[in-house]
Every structure is written in structure tokens, then in C-alpha cells.
1. Identify, please: which residue in the stretch 84-101 is part of a helix (DSSP H, G or I) and touching a helix residue (DSSP H, G or I) at 6+ places or on another chain (Cβ under 6 Å) and is, among those, farthest from residue 160 (Cα to Cα)?
2. Of the residues in the stretch 21-54, how many are more than 17 Å from the chain's Cα centre (by Cα) and at pLDDT 95 or above?
3. Return yes when residue 126 is in contact with a helix residue (DSSP H, G or I) (Cβ under 9 Å, 6 or more places away or on another chain), surrounded by 17 or more Cβ atoms within 10 Å (Cβ to Cβ) and modelled with pLDDT of 90 or more and no when it is not.
4. Can you run down the residue pairs with Cβ atoms below 6 Å, 6 or more apart or on separate chains, where the first is in the stretch 18-31 and in contact (Cβ under 8 Å) with a residue 24 or more places away in the chain and the partner is surrounded by 12 or more Cβ atoms within 10 Å (Cβ to Cβ) and not in a helix (DSSP H, G or I)?
5. Quick check: anything in the stretch 177-191 within 15 Å of the chain's Cα centre (by Cα), surrounded by fewer than 19 Cβ atoms within 10 Å (Cβ to Cβ) and at pLDDT below 95?
6. Just the residues that are surrounded by 23 or more Cβ atoms within 10 Å (Cβ to Cβ) and closer than 15 Å to residue 82 by Cβ, please, taken from the stretch 107-123.
7. Identify the residue in the stretch 69-94 that is more than 18 Å from the chain's Cα centre (by Cα) and surrounded by fewer than 17 Cβ atoms within 10 Å (Cβ to Cβ) and, among all such residues, is nearest to residue 110 (Cα to Cα).
């Protein structure tokens with residue numbers, strides 16, 4: 001898929017339901033999210049919350065070396081003003097004026113979350129979503145590839161421009177499928193979209 005294909009409600013809900021039936025680690029997201037919410041403003045505790053998720057959901061990447069927790073703490077402290085601005089924002093409010101700050105967050109977390117000399121745009125998106133769950137979307141490599149972003153191998157990776165483009169696609173998708181879910185739901189619309197994407201593109205459950 002080279003662009004954005006919007007599922008109908010039946011397909012979207014099949015993906016969400018498949019995630020709930022099959023994903024055994026889904027609870028870790030809420031543990032991490034609640035830990036961060038309860039300790040908001042404490043950069044060390046917020047970094048611990050991010051670590052909870054990445055140690056479970058991204059353990060394959062870090063099996064050869066974990067990220068430096070102190071660097072992540074410093075990154076959160078440095079960027080807390082931007083993070084606070086995005087914390088309660090909804091993806092529907094995304095505008096061109098947000099792009100510079102989203103790129104800044106993406107690149108700084110890309111460095112802060114590196115494992116040894118390796119960097120992970122997937123770890124970045126998972127972490128940013130925990131900090132702004134209604135505004136900054138999750139992805140993984142399979143999802144990014146499905147939406148038309150090309151992984152170039154060892155020397156290249158998904159870029160800040162790719163992530164911005166993905167944010168815009170997820171904004172459009174959210175606008176067009178939000179009526180499929182009961183309102184209010186128990187998690188952000190972006191999390192539900194990620195569950196659909198994960199079921200369809202990462203796991204092939206639907």
C-alpha cells in the first residue's frame with residue numbers, strides 16, 4: 001500500500017477485536033500509560049514508564065543493548081514544555097504549525113532511545129504516544145511500510161518527515177473512522193487505529 005486506504009467500520013472493528021483476542025501483551029501499554037500519568041512532571045518516573053513499554057513491546061531491538069535511562073531523562077526534561085503542549089491535544093487539531101516541534105521531539109527521542117549505535121523510529125513513536133496518546137500516533141516497521149514509507153536497510157531509517165506524513169494520514173483516518181466506535185471509548189482513537197493496523201499489517205490477523 002502506497003498511500004492511505006480507509007477501512008469500513010466492519011473491517012476496522014474486526015481488526016480491533018482481533019487485537020483484543022490475540023495480543024497477550026496489550027495490558028503493558030496501560031501499565032506504562034498510567035505510570036506516566038500518575039508521575040507527570042517527574043522525568044525519572046516518566047522515563048520508567050516508557051521503559052515499561054519498550055522492554056515488553058520492543059525487546060527484540062534492545063536485546064543487544066538497552067537505551068541509556070539518564071539520556072532519556074535529560075531528553076524529557078529538555079522537551080517537557082513541548083510535551084506539555086501536546087499532552088492533551090487530539091489528532092484532529094494537528095496543524096502545519098506543529099510540524100517543527102514534532103520533528104524536534106522525534107529526533108531528540110531518536111537519539112535518547114538508541115541502543116548502542118542503533119536507533120529506532122519505532123521506539124520513538126511508541127514513546128511519544130505514551131506522552132501524547134490522543135495526538136502522536138504509534139507505528140512499527142510493518143505498519144510504516146504498509147503506509148508507503150521505505151526502510152532503506154542498515155544505513156537508513158524512517159525519518160522525521162516520514163513520521164510527520166504518517167501523523168497527517170492518521171489524522172485523516174481518525175476523522176473518517178471515528179464514527180465506528182462507541183463514544184467515549186476507554187482509550188484514545190489513535191490507540192484503536194494502532195490496534196487495527198497491528199492486527200492487519202503486523203500480525204495478519206485479518
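1. Of everything passing the filter in the stretch 84-101, 91 is farthest from residue 160 (Cα to Cα).
2. Summing the residues that are more than 17 Å from the chain's Cα centre (by Cα) and at pLDDT 95 or above in the stretch 21-54 gives 10.
3. Numbers: in contact with a helix residue (DSSP H, G or I) (Cβ under 9 Å, 6 or more places away or on another chain): yes; surrounded by 17 or more Cβ atoms within 10 Å (Cβ to Cβ): yes; modelled with pLDDT of 90 or more: yes.
For residue 126, the condition - in contact with a helix residue (DSSP H, G or I) (Cβ under 9 Å, 6 or more places away or on another chain), surrounded by 17 or more Cβ atoms within 10 Å (Cβ to Cβ) and modelled with pLDDT of 90 or more - is met.
4. As it stands, the answer is 18/205; 18/206; 22/205, since those pairs meet every condition given.
5. Looking through the stretch 177-191, at least one residue is within 15 Å of the chain's Cα centre (by Cα), surrounded by fewer than 19 Cβ atoms within 10 Å (Cβ to Cβ) and at pLDDT below 95.
6. Residues satisfying the conditions are 109, 112.
7. 71
The values are calculated or read from the model by the stated rules, or taken from the named source; none is laboratory data. Since the model is a prediction, treat every value here as computed from it, not as a measurement. A quick note on method: Cβ atoms are made from the backbone with ideal geometry, for glycine too, and the neighbour counts reach across all protein chains shown.
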